[in-house]
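*Asks:* First the structure, which I've put down as structure tokens, then a few questions once you've had a look.
Where a number appears in this text, it was derived from the coordinates with a stated rule and is not lab data. As the structure is a computational prediction, the values presented were derived from the model and not from experiment. Every residue, glycine among them, receives a Cβ derived from its backbone with ideal geometry; neighbour counts consider all protein chains shown.
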């Protein structure tokens, strides 16, 4: 009579158990890596959208409203003097509200420039003035979390105002 002995069955079960544990461990590692990738993607895309809008508006602005802007301390506020589509004077304002980077154009309602699941922890503006040009430097700190995973990164951008170079 041919068959397996008890020792052979135990060895096969041990090998199967080791393979199962290895596979499950690998699966958990892949899920964690994917979650970390999504966190990083959310941070970078929110920073790119927010900073791109801020830099574009700053480059198109004629000047910075120094009386209403807050430089060098968080939370910063940047008020730009610009013109609307019809050529009339207008303002564009960037500020932090409830962990969101907001933009307000003229009398229009403010709109968020970052994703809902991303929190803006810090927003600081610096005014850069030289003999030839006027610029604004921005420091933006974003964080995002999923479960126990939290990711925080700082982003920087600098924009020179139109006609000041």
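*Asks:* Residue 92 is checked against (1) within 24 Å of the chain's Cα centre (by Cα); (2) assigned to a strand (DSSP E or B); (3) surrounded by fewer than 19 Cβ atoms within 10 Å (Cβ to Cβ) and fails just one. What number does that condition carry?
*Replies:* (3)
*Asks:* Which number in (1) within 30 Å of residue 91 (Cβ to Cβ); (2) assigned to a loop (DSSP other than H, G, I, E, B) marks the one condition that residue 53 misses?
*Replies:* With respect to (1) within 30 Å of residue 91 (Cβ to Cβ); (2) assigned to a loop (DSSP other than H, G, I, E, B), residue 53 is out only on (2).
*Asks:* While we're looking at this one, here's another question. For the condition closer than 25 Å to residue 125 by Cβ and exposed (fewer than 14 other Cβ atoms within 10 Å of the Cβ), what is the one hit in 57, 52, 36?
*Replies:* Just a single option satisfies the conditions, and that option is 52.
*Asks:* Looking at 20, 5, 82, 86, can you tell me which residue is crowded, with 16+ Cβ neighbours inside 10 Å and farther than 24 Å from residue 145 by Cβ? Can you show your working first?
*Replies:* On the way: 20 fails: crowded, with 16+ Cβ neighbours inside 10 Å; 5 fails: crowded, with 16+ Cβ neighbours inside 10 Å; 86 fails: crowded, with 16+ Cβ neighbours inside 10 Å.
So the residue among 20, 5, 82, 86 that is crowded, with 16+ Cβ neighbours inside 10 Å and farther than 24 Å from residue 145 by Cβ is 82.
*Asks:* Find all pairs meeting these conditions: Cβ atoms under 8 angstrom apart; at least six residues apart or on different chains; first residue within segment 39-52 and in contact (Cβ under 8 Å) with a residue 60 or more places away in the chain; second residue buried (at least 20 other Cβ atoms within 10 Å of the Cβ) and part of a helix (DSSP H, G or I).
*Replies:* none
*Asks:* What is the residue count in segment 99-138 for residues that are surrounded by fewer than 16 Cβ atoms within 10 Å (Cβ to Cβ) and touching a residue at least 40 places away in the same chain (Cβ under 8 Å)?
*Replies:* 4
*Asks:* How many residues does segment 69-86 contain that are assigned to a loop (DSSP other than H, G, I, E, B) and more than 24 Å from residue 119 (Cα to Cα)?
*Replies:* Residues of segment 69-86 that are assigned to a loop (DSSP other than H, G, I, E, B), as a first pass: 69, 71-76, 84-86.
If we keep only those that are more than 24 Å from residue 119 (Cα to Cα) too, we end up with 84-86.
Looking only at that region, the number is 3.
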